[in-house]
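Chemist: Dropping the structure in here first, questions after.
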Amino acid sequence: MVSSKGSQPGSAERRLLDLGIRLPATPTPLGSYVETVQTGNLLFFSGMLPVVDHKPKYVGRLGKELDVEAGRDATYTAALNVLAAAKEHLGSLDRVTRVVRLGVFIATSGDFFDQPRVADAASDLFRDVFGVDKTSVRQVIGIASLPLGVPVELDVIFEVSE
């Protein structure tokens, strides 16, 4: 649950409240790694998956078992997990000074070509929460498969204040 304590108008925490977004529980690693590592003012995230309660929300490939809307929802779910992990690590999303990079890996059937629309679900969420002036560069890649059979994996880097 997001608290307005310490939020300022226009802050990321305030925008979450205004958008009615409730962050999920922070995801836990599915293997031998950690979800976040901060070095200097950069916060790196492990490949973030669309998992809820430690289970995949979606399984399948775009263009075969899943359509664009399922792909967008999977991407949005993974992006919410990024925000939850960031808030857990930083204490407040207001410490995010920039979304530096967003990499979106999408498992496809091979003849699926709407990857940018699927990736926009994460880009749009980050823009809405952090503001257009903190929009990241982005790379979108279609691949054959991802861990646990999920359709999407996010690779994210945030710049943060001390």
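Chemist: Any idea which of L102, V82, V59 is furthest toward the positive side of the dipole for the chain, if Lys and Arg beta-carbons carry +1 and Asp and Glu beta-carbons -1?
Modeler: So the residue we want is V82.
Chemist: To continue, here is another question. Which length gain, in nm to one decimal place, applies between R117 and Y33 when the Cα-Cα distance is subtracted from 0.36 nm times their residue separation?
Modeler: 27.2 nm
Chemist: List the residues, sorted by chain then number, that are 5 or more residues from V100 or on another chain and whose placed amide H is less than 5 Å from its amide H.
Modeler: Answer set, sorted by chain and number: I157, F158, E159.
Chemist: Next up: For D18, D94, give me the order by solvent-accessible area with a 1.4 Å probe, most accessible first, ignoring ligands, DNA and RNA.
Modeler: From most accessible down to least: D18, D94.
Chemist: Given +1 on the Cβ of Lys and Arg, -1 on the Cβ of Asp and Glu, and no further charges, what dipole in debye does the chain carry about its Cα centre, rounded to the nearest 20?
Modeler: My answer is approximately 200 debye.
Chemist: For T97, T36, give me the order by solvent-accessible area with a 1.4 Å probe, most accessible first, ignoring ligands, DNA and RNA.
Modeler: The most accessible residue leads, giving T97, T36.
Chemist: Using only protein heavy atoms and a 1.4 Å probe, report how much of L148 is accessible, in Å² to the nearest 10.
Modeler: It works out to around 100 Å².
Chemist: In whole Å, what are the extents of the range 1-160 along the principal axes defined by its C-alpha atoms, from largest to smallest?
Modeler: That works out to 46, 33, 27 Å along the principal axes.
Chemist: Taking a ≥ b ≥ c as the square roots of the eigenvalues of the Cα gyration tensor of the range 15-78, is the shape rounded (a/c under 1.5), prolate (a/b larger than b/c) or oblate?
Modeler: Here the range 15-78 falls in the oblate category.
The values are calculated or read from the model by the stated rules, or taken from the named source; none is laboratory data. Predicted, not measured: the structure shown is a model, and the values here were computed from it. Every residue, glycine among them, receives a Cβ derived from its backbone with ideal geometry; neighbour counts consider all protein chains shown. Side chains included, ligands, DNA and RNA excluded: accessible areas come from the protein's heavy atoms. Shrake-Rupley method; radii C 1.70, N 1.55, O 1.52, S 1.80 Å.
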